Each structure stands twice: as C-alpha cells, then as structure tokens.
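Inspection log for the structure reproduced underneath, given as structure tokens.
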Amino acid sequence: MEPAFFIGDLPISPLAPGMPVLTLAPMAGVGNWAFRLISASLGARIVGVEFINCRIVHHSGHRIERLLDFSDAPVYADGGHSLLAAQIYGNDIGLLAAGAQELERRGSQVVDINFGCSVPQITRKGSCAAYLLDLDRFYDAVQATVQACTVPVTIKTRIGWDDDSINIVEVVERAQDAGAQAIAVHARTVMQKYGGQAQWEWIRRAAQSCSVPLFGNGDVRRYEDAVEMVEQTGCDAVQIGRAAIANPWIFAGRNGAPLHERLRLAAEQLRLMVQYKGERVGVPETRKHLVHYFRDLDRGSPERTRLLTTTDLGELVQFLDEWRAKLPNDVGDEDLSLNAEQAGKLAWSGN
Ligand SMILES: Cc1cc2nc3c(=O)[nH]c(=O)nc-3n(C[C@H](O)[C@H](O)[C@H](O)COP(=O)(O)O)c2cc1C
C-alpha cells in the first residue's frame with residue numbers, strides 16, 4: 001500500500017485501504033508500554049507517550065525510568081507500521097530541546113512537544129498551552145527542539161487560548177516554518193479544557209493552511225466519528241484519546257469487541273503490565289482499563305466483583321481464562337488481522 005503521508009522520511013499508512021490513519025493520543029497515566037503495544041497491534045500508527053517534564057528527564061529513579069521506558073519502540077521499528085512518539089514539555093526552551101534529545105536517545109522515533117495541556121498549575125509557569133500566548137516564543141521553542149533532534153519533531157496543540165483569541169492557523173504556519181514535521185490539533189480552546197464541544201471547523205481551517213501532515217483530535221467516540229472527521233476537515237490522520245481507553249479495537253475500525261475477545265485482551269494487557277510495572281502496581285493500574293472493557297456487566301455481578309477485588313495476577317488471569325472457556329461458541333483464537341480487513345470493508349462501504 002502507498003503510504004498516506006510521511007513524517008520526515010517515515011512512511012505512515014492506514015491499517016487497511018479506505019480507512020483513516022488512526023493514532024493513539026498521548027494520555028498521562030494511560031498510555032503506558034502495555035497499552036501502546038496493544039493499540040499498535042490493533043492498528044494505531046503512532047502511539048503517544050504521556051508528557052514528560054524536561055526538568056526531570058535527566059533525573060534517575062524508578063518512576064522516571066518507567067516513564068522513559070520505550071522498550072516497545074523496537075517492536076514498531078521492526079514491524080515498520082507504527083511509531084512511538086514521546087512527548088516533552090517545559091517552560092525553558094534550552095531544557096526543552098535538551099529533554100527532547102534525551103527522548104530521542106532513549107529510542108523515541110518521533111519527538112512531540114506539548115503545547116496543549118491546559119492545567120493552570122502548568123500554564124501559569126509558562127509551559128504547554130501558555131506558548132499560544134506568545135507565538136515568537138512558541139516559534140523559538142519549536143525551532144530549538146528541531147535543531148537539537150535528528151528524529152522528526154511534531155507538536156500537539158489546541159485551537160487557541162479562548163474563543164476571542166483563536167490563532168490555530170497562525171500557530172500551524174509558525175510551527176511548520178520552525179521545522180515541525182506534523183501537527184496535532186485538539187479542537188478546543190485552552191479555556192474550554194475538556195468541556196463543550198470540540199470545534200472541528202478549526203481543524204478544517206488549520207489543515208487548509210498546513211503543508212505537513214495535520215492530525216485532528218477531539219470528541220472521536222466511535223470509529224465512524226474518525227471517518228467523519230477526515231471527511232469534514234480534510235485532516236491527514238485522527239488522534240484518538242479517551243475512546244481508546246474503553247475500546248482499543250477502534251484502531252481496527254470497530255466499536256467494541258465480543259466478550260471472549262475482551263477477556264483475551266484483558267488477560268494479555270495484565271500480563272504485559274505486570275512485566276512492565278510489577279504485580280503490586282501493574283494489577284491496580286490495569287484495573288481502570290478492565291472496568292471500561294467490562295462496563296456492560298451488572299454492578300453487582302460476581303464477575304465484576306472479582307475483577308475489582310482480585311489483586312493476585314495469577315488468580316486474575318486464571319479467572320479471565322476460565323470465564324472465557326465457559327462462554328458458548330468460544331472462538332477465542334480469532335485472528336485480529338481478519339478484523340482489520342473487515343474494518344477496511346466497513347470504511348469502504350461508508351458505514
Ligand atoms: C487522562 C488523560 C491524560 C492526558 N494526557 C495528555 C498528555 O500527556 N499529553 C497530551 O498532549 N494530551 C494529553 N491528554 C489530552 C488527549 O491527548 C486528547 O487531546 C484529549 O483527550 C481529546 O481527545 P479525545 O476526545 O479523543 O479524548 C490527556 C487526556 C486525558 C483524558
């Protein structure tokens with residue numbers, strides 16, 4: 001398949017012809033190594049790593065090591081389908097560029113800069129979305145980071161500070177002039193935080209004036225929303241955040257999966273997470289994903305109670321496996337690539 005576009009010289013293709021290119025948005029506390037691998041195996045073409053403060057990347061300690069553990073990157077490099085994009089943020093341009101260099105040294109195939117986070121404690125210090133208030137400073141930050149890295153540098157931003165100062169078109173122009181190789185736009189203002197509706201119209205206007213790939217983001221809840229976002233805005237790819245937590249199958253063009261498949265993926269994610277973080281942290285951290293995967297279960301059902309209370313990995317995986325074995329017509333070894341093909345058909349038929 002012809003690549004849909006390139007980030008620098010890295011080719012990016014959709015999972016199947018006719019599908020939009022879909023990527024996993026960076027999400028703090030969610031986008032860990034295990035979830036990134038699962039998302040990529042289902043079709044996410046770029047997997048975002050949560051934002052990392054440029055002041056801590058050179059520190060040592062367990063937490064930092066876990067954040068900077070990009071041991072999934074070689075899997076993507078070997079497969080040639082997906083890319084890992086670690087994300088840096090900070091208010092000091094020199095440290096931002098040096099931090100980006102460290103993310104590259106650790107194996108990130110793309111370095112993303114966060115210009116989108118709207119948390120007041122962060123913007124008050126001049127980091128993240130605060131750069132939207134001073135586009136010369138923004139330009140300098142992008143340019144310094146591009147000069148510091150050999151891998152492509154991308155950015156993630158919002159449409160502007162508030163409804164009276166939407167400046168995404170200028171932001172896009174300045175970012176590409178400074179050397180950004182792709183731009184992701186969360187179609188809300190900083191003041192909107194996560195409220196109200198994402199304003200896709202601004203993705204359309206930004207895409208029109210953008211000469212590098214532009215990723216649309218915000219309020220994609222189902223696969224069909226991603227298809228619609230591309231149709232409405234002409235963006236090159238769709239970045240999916242919250243919807244992927246409950247439904248990583250969205251990357252394969254599906255809205256959810258049958259119970260046997262959810263059980264298999266849950267067990268797989270638990271095993272990977274425990275490998276990544278150890279049992280004490282890995283099991284509780286995976287629980288928030290499990291709660292979403294099985295949210296159709298009755299609140300008081302014995303299965304849900306076991307899911308929420310079992311802390312021992314062996315016991316939990318055994319429980320999931322036994323539950324799966326009990327299901328009628330278990331087709332547990334179904335190949336996910338078949339689903340990718342089905343997903344392509346779904347997109348072609350315009351459903
Ligand atoms: C729990 C959570 C953590 C997030 N962390 C980050 C982050 O580290 N970096 C970033 O650029 N955006 C972050 N975001 C924003 C998302 O990447 C995305 O822009 C936003 O959720 C809108 O997309 P969605 O409607 O598909 O969720 C986070 C969002 C959530 C819900």
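Only the coordinates and a few stated rules stand behind these numbers; no lab work does. As the structure is a computational prediction, the values presented were derived from the model and not from experiment. Every residue, glycine among them, receives a Cβ derived from its backbone with ideal geometry; neighbour counts consider all protein chains shown.
Worth a mention:
- Subset of the stretch 246-260 [in a helix (DSSP H, G or I), out of contact with any Asp or Glu (no Cβ under 7 Å at 6 or more places or on another chain) and surrounded by fewer than 21 Cβ atoms within 10 Å (Cβ to Cβ)]: 246, 259
- Residue pairs whose Cβ atoms lie under 7 Å apart, sitting 6 or more positions apart in sequence or on different chains, and linking a residue in the stretch 153-167 that is in contact (Cβ under 8 Å) with a residue 12 or more places away in the chain and polar (S, T, N, Q) to a partner that is assigned to a loop (DSSP other than H, G, I, E, B) and away from the ligand (no atom under 11 Å from the Cβ), are 154/180; 154/181; 154/182.
- Any hit, the stretch 222-243, residues being outside any helix (DSSP H, G or I) and more than 19 Å from the chain's Cα centre (by Cα): yes
- Residue under evaluation residue 3, criteria (1) assigned to a loop (DSSP other than H, G, I, E, B); (2) closer than 30 Å to residue 92 by Cα, criterion not met: (2)
- Considering residues of the stretch 230-245 that are within 10 Å of the ligand (Cβ to nearest atom) and crowded, with 24+ Cβ neighbours inside 10 Å only, the residue farthest from residue 167 (Cα to Cα): 244
- Set 77, 16: member being surrounded by fewer than 16 Cβ atoms within 10 Å (Cβ to Cβ), over 15 Å from the mean Cα position of the chain (by Cα) and not in a strand (DSSP E or B): 77
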